[in-house]
Amino acid sequence: MKTIDPSPLKSFAPTGTLRVGINLGNPVLAYEDVVTKKLSGITIDIAHEIGQRINLPVQLIPFKTASATVDGVKSGDIDLVFVAIDPVRGADISYTPAYIQIEGAYMVKTSSPFKSNEEVDMAGSEIVVGKGSAYDLYLTREIQHATLLRAASSQTVVDDFMSGKGNVAAGVKQQLESDARRYEGLRMLPGRFMVIDQAIGIPKARPNFEITITYLSEVITQLKQSGFVANVMQRHNIQGAKVAD
């Protein structure tokens with residue numbers, strides 16, 4: 001990895017510390033120990049690797065939802081985030097290439113007549129989705145007949161669904177499967193309704209953001225090619241996701 005000019009880093013991390021937004025709403029990316037509150041996961045490991053490469057201390061700032069993390073970028077309180085690539089967010093955020101790909105899936109009650117993802121988008125169907133999540137943004141663009149019911153966060157989708165809201169729950173496949181263990185009478189629809197590319201994002205409002213995103217893109221490419229990303233996924237036992245091409 002070639003050495004980069006340190007001057008753009010002053011605008012990239014103006015406080016002298018790399019402030020990284022961590023989305024705890026997606027268990028594939030990061031999780032918090034309920035006792036120690038320590039953050040772990042693939043995004044944590046990548047953040048520390050970047051900090052070492054640019055010789056800056058790293059401050060991890062946890063958020064409960066992706067949308068809250070994005071708001072932190074817009075307000076200038078965060079220097080770097082790990083979020084899904086989305087054209088709506090792209091108005092304010094510049095992305096690296098994806099480091100992993102995650103599946104978005106539907107879950108229904110056992111008694112539901114739905115057998116496939118294609119059947120969900122019909123008049124009268126109500127899909128519960130986490131507000132501001134990548135799935136919300138995607139379904140808002142793609143759904144033509146069904147109605148979207150927005151839960152406060154991805155973590156509350158299944159609880160809202162089981163309280164009587166909607167007839168389909170949408171979200172990260174692993175999140176839905178994990179939450180469903182707390183209930184009976186639920187099943188996943190086979191396959192997926194979307195693939196989510198997860199990437200690093202930085203605010204476009206920063207000076208020289210193009211130089212910074214070029215450097216970070218080189219780092220992500222190297223971390224994928226070297227096996228770093230694959231090894232981290234294995235260490236954290238991440239299932240249902242793959243290293244992005």
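The values are calculated or read from the model by the stated rules, or taken from the named source; none is laboratory data. Just so we're clear, the structure is a prediction, and the values are computed from it rather than from any experiment. So basically every Cβ, Gly included, is an ideal-geometry build from the backbone, and we count neighbours across all protein chains shown. In case anyone asks, the SASA skips ligands and DNA or RNA and just uses the protein heavy atoms, side chains included. Shrake-Rupley method; radii C 1.70, N 1.55, O 1.52, S 1.80 Å.
In this structure, LYS37 does satisfy being basic (Lys, Arg), farther than 23 Å from THR214 by Cα, open to solvent by 40 Å² or more (accessible area, probe 1.4 Å) and free of Cβ contacts under 8 Å to residues at least 60 places away in the same chain. Scanning the stretch 205-229 for residues that are under 19 Å from the mean Cα position of the chain (by Cα) and of a type in the set (D, E, K, R) turns up just one, LYS224. Restricting the first member to the stretch 119-136 and to residues that are without any contact (Cβ under 8 Å) to a residue 24 or more places away in the chain and over 26 Å from LEU24 (Cα atoms), and the second to residues that are open to solvent by 10 Å² or more (accessible area, probe 1.4 Å) and assigned to a loop (DSSP other than H, G, I, E, B), the beta-carbon pairs closer than 9 Å and six or more apart or on different chains are GLU119/PRO113; ALA123/HIS145; ALA123/ALA146; GLY124/HIS145; GLY124/ALA146; GLY124/ASN167.
Out of ILE196, ILE202, ILE211, one residue alone is out of contact with any strand residue (DSSP E or B) (no Cβ under 6 Å at 6 or more places or on another chain), over 19 Å from VAL108 (Cα atoms) and surrounded by 15 or more Cβ atoms within 10 Å (Cβ to Cβ). It is ILE211. Report yes if LYS74 is under 28 Å from TYR135 (Cα atoms), basic (Lys, Arg), modelled with pLDDT of 90 or more and surrounded by fewer than 18 Cβ atoms within 10 Å (Cβ to Cβ), otherwise no. So LYS74 does not fit the description; no. Just so you know, in the stretch 147-181 the residues that are at pLDDT below 90 and assigned to a loop (DSSP other than H, G, I, E, B) include one that is surrounded by the most Cβ atoms within 10 Å (Cβ to Cβ), and it is SER153.
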